[in-house]
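Written out below as structure tokens is the structure these notes cover.
Throughout, read-outs are computed from the coordinates displayed, never taken from laboratory work. Since we're looking at a predicted model, the values are computed, not measured. We place every Cβ from the backbone using ideal geometry, glycine too, and count neighbours over all the protein chains shown.
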Amino acid sequence: MEDLIPPPPEAWRRLCRIDEIPEDAARGFPPAAPGFAGLFAVRRGGEVHVYVNSCPHLGVSLEWTTDRFLSADRAHIVCGTHGATFRIADGVCLRGPCYGAALTPVLIEINDGTIRVPADSGRRPAG
Ligand code: FES
């Protein structure tokens, strides 16, 4: 995984408060603007992991219904379209049509219980 370089302070946007994501659960966030993909966050073991909501297989959103990104046992992220299974900690695909590929991680900053992400998180490549 490539290193994530923190953006300057003015280039962050608020995602949500950490207590708005239940422990061992996920929450989706709509695209920030046209030309952006949505994001989703998973809270587990006291940590929060945020990814771009775009499956490496076909580029579609992963959830099969609102905020449902996890397997039944909540151990993995699962794509609702073809069932690819991803490790929560790093987004690597462990099983499915995009085996070995990974979700795009999003850098986060947590301050006073509020999660912020770089303002350009989820921006789709031009073209
Ligand atoms: S679109 Fe996600 S596994 Fe096919």
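None of Thr114, Thr104, Thr81 is loosely packed, with under 15 Cβ neighbours inside 10 Å, closer than 17 Å to Gly28 by Cα and not aliphatic (A, V, I, L, M) except Thr114.
Against the test of being within 16 Å of the ligand (Cβ to nearest atom) and more than 21 Å from Pro125 (Cβ to Cβ), the options Arg74, Arg44, Arg95, Arg17 yield a single qualifying residue, Arg95.
Of the residues making up the range 45-68, those that are in a loop (DSSP other than H, G, I, E, B), of a type in the set (A, V, I, L, M, F, W, C) and within 17 Å of Ala101 (Cβ to Cβ) are Cys55, Leu58, Val60, Leu62. Inspection of the range 4-17 finds no residue satisfying the criterion of being among the charged types (D, E, K, R), outside any strand (DSSP E or B) and in contact (Cβ under 8 Å) with a residue 60 or more places away in the chain.
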